[in-house]
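Input: a single structure, listed below in structure tokens.
Only the coordinates and a few stated rules stand behind these numbers; no lab work does. What you see is a predicted model, and the numbers here were worked out from it, not measured in a lab. Because the Cβ atoms are built from the backbone with ideal geometry, glycine has one as well, and the counts that use them run over all protein chains shown.
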Amino acid sequence: MTHSPHAGYSSVMARCVSARRAMTLMEIVAVTFIIGIVSMMCAIHYGTGAIADVDAQGFARRVALDCSQARRRAISTGDNHLLRFTLVSGKATQYGVYRKVSGVPTLVDDVHVVPTGVTVTTGGITDLEFQFTGEALGSYSVNVTAQDRNRTVTVSQCTGQSFVQ
């Protein structure tokens, strides 16, 4: 059997190519440094206002979802359920989902705290209550405000459904 003069050379090249597929420490440091600079530029450009705006949007969605949850629980159990807000100087600081049995509200879910940089107003209403039929006891509006964004959670009295606008 005759061997090609290039057979040994190609196996050495194959080993070199497979060994080169890994990144060196310097390449990893360079990539990490570039990602750090880009992240710092984004943080300076957008600042904490953008983070507060995202918090406001997320909190408004959470309130709307908890309204839907309270409505569904009221329909399934036959007991009124409500979102109860804690107000300080007209602004909400936290809220929880409660079940009302014989007129006594009992906490059924975690208490949610309003994020820093976000202002929540309910128009002085502390309870957003839902009946066993799925209807709300009134039309509710919860305003969630951050630096550059204002979201409103609206609850329809007839259907009890909540919307974020």
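Things worth noting here:
- Overall, the ratio between the Cα radius of gyration of region 42-164 and 2.2 N^0.38 Å, rounded to two decimals, is 1.09.
- Computed from phi, the 3J(HN,Hα) profile of region 126-139 under the Karplus parametrisation 6.51, -1.76, 1.60 (θ = phi - 60°) reads 9, 10, 10, 9, 10, 8, 5, 7, x, 7, 8, 6, x, 7 Hz, with x in place of Gly and Pro.
- Annotation: peptides 116-128, 56-68, ranked by per-residue average of other Cβ atoms within 10 Å with the highest first, follow the order 56-68, 116-128.
- Note on region 42-164: with charges restricted to the Cβ of Lys and Arg (+1) and Asp and Glu (-1), its dipole about the Cα centre is near 100 debye.
- Extension reserve of the GLN147-GLU27 stretch, reckoned as 0.36 nm per residue once the Cα distance is removed: 39.2 nm
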